[in-house]
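The values are calculated or read from the model by the stated rules, or taken from the named source; none is laboratory data. Fair warning: this is a prediction, and the values are worked out from it, not measured in the lab. Cβ sites come from the backbone with ideal geometry, for glycine too, and all protein chains shown count toward neighbours. Surface accessibility is based on the protein's heavy atoms, side chains included, excluding ligands, DNA and RNA. Shrake-Rupley method; radii C 1.70, N 1.55, O 1.52, S 1.80 Å.
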Amino acid sequence: MALRSTATAAPLALAGTPLGGFDFQPMTRVVFGAASLARLGETVRELGGTRVLLVTDPGLEAAGHPQNALASLIDAGLRAWIFDGVEENPTSRHIENGLAVAREHGIDFLVAVGGGSSMDCAKGINFLLTNGGAMTDYVGFGKAKKPMLPSIAVPTTAGTGSEAQSFALIADEKTHMKMACGDRKAAFRVAILDPAVTVSQPARVTAITGIDALSHAVEAYVTAKRNPLAQMFARTAWQLLEENLARVLRQPDDLDARGAMQLGAHLAGMAIENSMLGACHACANPLTAHYGVTHGVAIGILMPHVIRFNAPVAGTLYGDLAHEAGMVNGDTSAAAESVARRFTDQMHSAGLPMCLSDCGVSRGILPVLAEEANKQWTARFNPRPVSEGDLLGLYQAAF
């Protein structure tokens with residue numbers, strides 16, 4: 001996996017300025033490499049698991065990933081049961097359904113095989129199985145008072161980076177608004193990053209999840225909560241993702257590019273864990289709740305407009321990323337525009353919707369979306385403070 005030389009890269013934006021305090025605590029061991037899924041069973045045994053709930057979605061069965069994971073568990077002498085009732089954007093109902101299966105079989109370990117939905121669902125089941133109550137009890141951070149079960153993630157997409165984060169995003173079954181439920185105890189003990197399992201993704205899914213991962217790198221790099229370590233993760237993630245997304249779309253079987261994408265998505269997830277996200281994700285969630293717009297599509301439409309909005313205060317930071325991508329320009333506003341256009345180009349190349357009206361969004365609902373976006377936790381970390389009116393402006397620009 002070849003990377004560009006960074007010998008001439010611009011220094012981190014915080015260099016030469018006083019550093020604020022931060023508390024960095026790595027949570028997740030990473031097992032990376034082609035065919036590393038085969039190590040799942042032995043890794044569960046190392047962590048003391050004996051009765052495993054494998055959380056996945058039925059769409060992966062055709063690719064054989066859950067079956068291969070189950071075989072690895074059984075070969076290691078473990079007892080395992082599959083819960084495949086996960087759907088996109090899991091709700092509290094999916095968590096409760098999985099919880100019933102976990103209780104029935106007295107499980108002591110969780111494995112998630114799939115994209116962000118499977119990983120979030122596994123975390124949600126872990127919250128309720130070990131600490132009781134309902135998902136609404138865990139909105140925020142650190143609400144779990146009892147120990148939680150060990151767990152392993154096997155991401156089959158290069159997108160959410162959920163395997164590197166302590167938060168589960170679970171939608172309320174009635175309102176479909178996403179609840180961010182975080183606790184360090186909910187983080188996966190191990191992430192198995194096997195690029196071979198991502199080859200089965202359709203091109204559209206590869207594009208959508210890749211654009212989502214790119215947005216994580218960009219937003220985490222510029223947030224008001226950023227710190228040097230988070231920026232290091234985000235910047236490396238951007239380098240890996242930006243360079244290889246087009247490559248995997250051209251050559252789906254390229255395992256080097258697939259591996260770069262998967263590692264990039266993981267590093268972007270680590271950046272999120274340490275510096276959060278911004279206005280783009282705050283605006284995307286209401287679109288999914290009201291219109292079912294796929295998360296990565298909403299992100300791709302909104303991201304260029306958020307970058308332009310942030311450019312007056314984060315232009316130098318976007319300039320760092322432009323430099324990494326070979327879009328060097330001394331004008332920071334031009335550098336921000338270059339990064340914004342990169343998202344637009346990726347969306348266009350993948351044949352994805354370019355504006356909200358293409359997704360069936362009504363102009364009349366934009367004020368409602370802005371009100372809801374203003375309540376999203378990620379809005380508070382945007383590098384340029386945003387009001388409800390600012391968020392409405394972003395929706396209007398993206399319409």
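The table below lists the values:
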quantity: Reference-scaled alpha-carbon Rg (2.2 N^0.38 Å with N residues) for the chain; calculated: 0.94
quantity: Top positive-direction residue, dipole computed over the stretch 68-206 with Cβ charges, set 94, 156, 179; calculated: 179
quantity: Solvent-accessible heavy-atom area per residue, rounded to whole Å², over the stretch 58-156 at 1.4 Å; calculated: 38
quantity: Fraction of antiparallel bridges per DSSP, the stretch 71-217 only, in percent to nearest 5; calculated: 35
quantity: Choice from 348, 216, 305 showing the highest fluctuation, given a GNM over the chain with Cα pairs closer than 10 Å; calculated: 348
quantity: Accessible area in square angstrom per residue, the stretch 213-329, 1.4 angstrom probe; calculated: 25
quantity: Net charge of Cβ neighbours under 11 Å - reference residue 349; Lys, Arg +1; Asp, Glu -1; calculated: +1
quantity: Cβ crowding within 10 Å averaged over residues, with 253-264, 364-375 ranked highest first; calculated: 253-264, 364-375
quantity: Length-normalised contact order of the chain in % [C-alpha pairs under 8 Å, at least 6 apart]; calculated: 15
quantity: Gyration tensor (alpha-carbon) shape descriptor, the stretch 238-299, a/c threshold 1.5; calculated: oblate
quantity: Neighbour net charge for residue 395 - beta-carbon separation under 13 angstrom, K R +1, D E -1; calculated: -3
quantity: CD proxy at 222 nm, helix term only [per DSSP H run n ≥ 4: -39500 (n - 2.57); per residue of the chain; nearest 500]; calculated: -16000 deg cm²/dmol
quantity: Per-bin percent of Cα-Cα distances, the stretch 249-354 [10 Å]; calculated: 14, 36, 41, 9, 0
quantity: Three-way shape label, the stretch 177-322, alpha-carbon gyration tensor, a/c 1.5; calculated: rounded
quantity: Accessible area of the chain belonging to carbon and sulfur atoms, whole % at 1.4 Å probe; calculated: 53
quantity: Partners for residue 225 among lysines (Cα-Cα distance below 23 Å; same-chain residues under 8 apart left out); calculated: 143, 178, 185, 375
quantity: Prolate/oblate/rounded label for the stretch 147-203 (Cα gyration tensor, a/c 1.5); calculated: oblate
quantity: If the convex hull is drawn through the Cα atoms of the stretch 326-399, its volume per residue in Å³; calculated: 113
